[in-house]
Amino acid sequence: MKILSPEQDHILQQERNFLNDLRMNLVGCNANRDDLDALGQSIRQLDDLFLLVVVGEFNAGKSAFINALLGKQYLKEGVTPTTSRINLLRYGEPASETLAEDHYLVHHLPVGFLTEITIVDTPGTNAVIRQHEELTTHFVPR
């Protein structure tokens, strides 16, 4: 739950309305399904306006860095690759985890600054398991 000023909330709502209107117009024009899906994803991503995405080679300490930033070990760390999904860390009490879509794990954590930003832990690049690298590669353009 991000805490926005009334002005920020108004701007966000205007953007959401604009994109929804655009989507409806595209539907009326028989737009390509892939384009409609991409626009729908953009609308959903408005809830994650500020993302701090941690990317690097597999097993380079990304999760350890995030744990240090959070001041507590919330993510698994290990000497072998341990991150197999995109992990989205958001504010929430009590702490909980929810699987969203196939490869997204949402962590709600009682860390105050997560009200303003979502931290993203990625499986990494140059991964031994190619699917892990593909998850990172497809997420980064967000």
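General remarks:
- All alpha carbon pair distances within segment 9-69 were sorted into 5 Å bins beginning at 0; the resulting P(r) in whole percents reads 4, 15, 18, 14, 11, 11, 10, 10, 6, 2.
- Label positions at Ala68 and Thr98, each projected 7 Å from the Cα along the C-beta direction, are separated by 3.1 nm.
- Accessible area (Å², per residue) of segment 1-46, counting only protein heavy atoms and a probe of 1.4 Å: 77 Å²
- Surface composition of segment 6-77: carbon plus sulfur atoms contribute 52% of the solvent-accessible area (1.4 Å probe, protein chains only, all chains present).
- With a Förster radius of 22 Å applied to the C-beta separation of Asp35 and Thr125, the computed FRET efficiency comes to 0.20.
The values are calculated or read from the model by the stated rules, or taken from the named source; none is laboratory data. These numbers were taken from a predicted model, which means no experiment stands behind them. Counting neighbours? That spans all protein chains shown, and the Cβs are built from the backbone with ideal geometry, glycine included. Please note that ligands, DNA and RNA were not included when accessible areas were found on the heavy atoms of the full protein model with its side chains. Shrake-Rupley method; radii C 1.70, N 1.55, O 1.52, S 1.80 Å.
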